[in-house]
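My questions will all concern the structure given below.
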Amino acid sequence: MALYTRLTEMLGIEHPIISAPMAFAAGGKLAAAVTAAGGLGLIGGGYGDAEWLEREFAEAQNTRVGCGFITWSLAKRPILLELVLAHSPAAVMLSFGSPVPFAPRIKAAGAKLICQVQNMEHARAAVDVGADIIVAQGAEAGGHGLVRATFTLVPEIADYLAKAAPATVLVAAGGVADGRGLAAALMLGADGVLIGSRFWASAEALVHTAFQNAAIDADGDATTRTTVVDIVRKADWPKPFTARVMKTRFVNEWHGREAELVEPTLVEREMNRYVTAMQSGDPDNTGVWVGEATGLIHDVRPAADLLQEIAEDAEHLLKDKARGHTKVG
Ligand SMILES: Cc1cc2nc3c(=O)[nH]c(=O)nc-3n(C[C@H](O)[C@H](O)[C@H](O)COP(=O)(O)O)c2cc1C
């Protein structure tokens, strides 16, 4: 038995699993490993750095991968879309901002257009621009997002798509880290999942092992949604997006005191502290970008192992369900 869904069919992949285009963390190695294992890997285009993107596409070594952009940031440097399209990506994902200026170009280039959405308004906008795949991202997710939870957002968008755009494929994101999450997402009406945090804790991710170890030690209570990590990085995130990160000493110190982070010398000092600790692998003094799924992460393994296990466990769970069992574990 394999999990054959509308997502595997549309993308021509074996397992209904996409790895998230995590800024700084999802490079070519991770994306290629996920694709080679039967999913689709996305390179994290993030805030847009041409040199970094070229290097990471080279790391993917002609494996069929896609790329994701932070849309409001891409709008500042739209030329980066052309750079990515020149690599014939399988898909381009847009998240956090209006897809209108970029959707036609992506579709005309023959790449699947993936729009990650955080609420119904975004879902309707994604349908309007002709998204091939909509990723419904719940607030459990690591990194940026909004407040709707995966468990209600996914079925609500599934119902909406069934009426408004039945050919559009739906993917669930936010809190999926194992076979239970994939099986549940399919039951909620999704055709597959997009996984970030679990692949962030993989051997191929561009993440310092000290941060991965901090996530392994933490349970799911250890994260929060905040803006302090954006304020100190001077990342100009539009309201109302916030970032889910671990409640490190740095985050605890500033969360709730954002208004104080206006004095230039103070911001400069805290930015240096954040960046230095990010580079040296000091979780206390920076942001550790992982979602609530941190409570389900107990090791760092090759992405192919993780993907295989998630797909197999989901298949077994769904088969047990079909036989009338309710066994989980
Ligand atoms: C470290 C990290 C960085 C992320 N960066 C991006 C990004 O640059 N662009 C984006 O669209 N989503 C980004 N996300 C969010 C993911 O696309 C996805 O929605 C999320 O990881 C799914 O939830 P999960 O972390 O529980 O698997 C990031 C997530 C993480 C954990």
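If R0 is 30 Å, what FRET efficiency do you get for GLU14 and LYS234 from their C-beta distance, rounded to 0.05? Walk me through the numbers before you get to the answer.
Details: r = 42 Å, r/R0 = 1.39.
The calculated FRET efficiency here is 0.10.
A follow-up question, please. Kindly provide the pair-distance distribution of the chain built from C-alpha pairs, with 10 Å bins from 0 and whole-percent values in order of increasing distance.
Going from the shortest bin to the longest, the percentages are 6, 28, 37, 23, 6, 1, 0.
Quickly work out the ILE79-to-MET271 label distance, labels modelled 7 Å from Cα along the C-beta direction, and quote it in nm with one decimal.
2.3 nm
Find the centroid of the Cα atoms in region 58-102 and in region 250-303, then give the distance between the two in whole Å.
Cα centres, region 58-102 to region 250-303: 26 Å.
Subtracting the Cα-Cα distance from 0.36 nm times the residue separation, let me have the gained length for ALA210 to ASP305 in nm, one decimal.
Working: separation 95, 0.36 × 95 = 34.20 nm, distance 2.11 nm.
Value of the extension gain: 32.1 nm.
Find how much the distance from ALA167 to ASN252 grows on full extension, using 0.36 nm per residue of separation minus their present alpha carbon separation; answer in nm with one decimal.
Full extension of this stretch gives 26.2 nm more.
Of PRO283, TRP254, LEU94, whose Cα points farthest to the positive end of the dipole of the chain (charges on the beta-carbon: +1 Lys, Arg; -1 Asp, Glu; origin at the Cα centre)?
Checking the options against the dipole of the chain, the answer is LEU94.
Would you list, by chain and number, the lysines whose Cα falls below 23 Å from the Cα of LYS76, excluding same-chain residues fewer than 8 positions away?
LYS76 reaches LYS107, LYS112, LYS234, LYS239.
Apply 1/(1 + (r/R0)^6) to the Cβ-Cβ distance of GLU312 and ALA203, taking R0 = 25 Å, and write down the FRET efficiency to the nearest 0.05.
That gives a FRET efficiency of 0.85.
If I model a spin label as a point 7 Å beyond the Cα along the Cα-Cβ vector, how far apart are those points for TYR4 and ASP219 in nm?
4.3 nm
Further, regarding this structure: Can you list residues whose amide H is under 5 Å from GLY192's amide H, if they're 5+ apart or on another chain and H is modeled 1.01 Å from N?
ALA172
Taking DSSP loops as anything outside H, G, I, E and B, show the longest stretch in the chain free of trypsin sites (Lys or Arg not before Pro) there with at most 14 other beta carbons within 10 Å.
By the stated rule (loop sites, at most 14 other Cβ atoms within 10 Å), 77-233.
Where a Cα-Cα gap under 18 Å defines reach, which aspartates and glutamates qualify for LYS29, not counting those fewer than 8 residues away within the same chain?
ASP49, GLU51, GLU54, GLU56, GLU59, GLU204, ASP305
Shifting gears a bit: With just the Cα atoms of region 115-256, tell me how far they stretch along each of the three principal axes, in Å, largest first.
Principal-axis extents of region 115-256 (Cα, largest first): 47, 33, 25 Å.
Using modelled backbone amide H atoms (1.01 Å from N, in-plane), which distant-in-sequence or interchain residues come within less than 5 Å of ALA90's amide H?
The answer is VAL65, GLY66.
A short reminder: the numbers here are calculations on the coordinates, not readings from a lab. Given the structure is predicted, the values throughout are model-derived calculations rather than measurements. With ideal geometry, Cβ positions are generated from the backbone for all residues, glycine too; neighbour counts draw on all protein chains shown.
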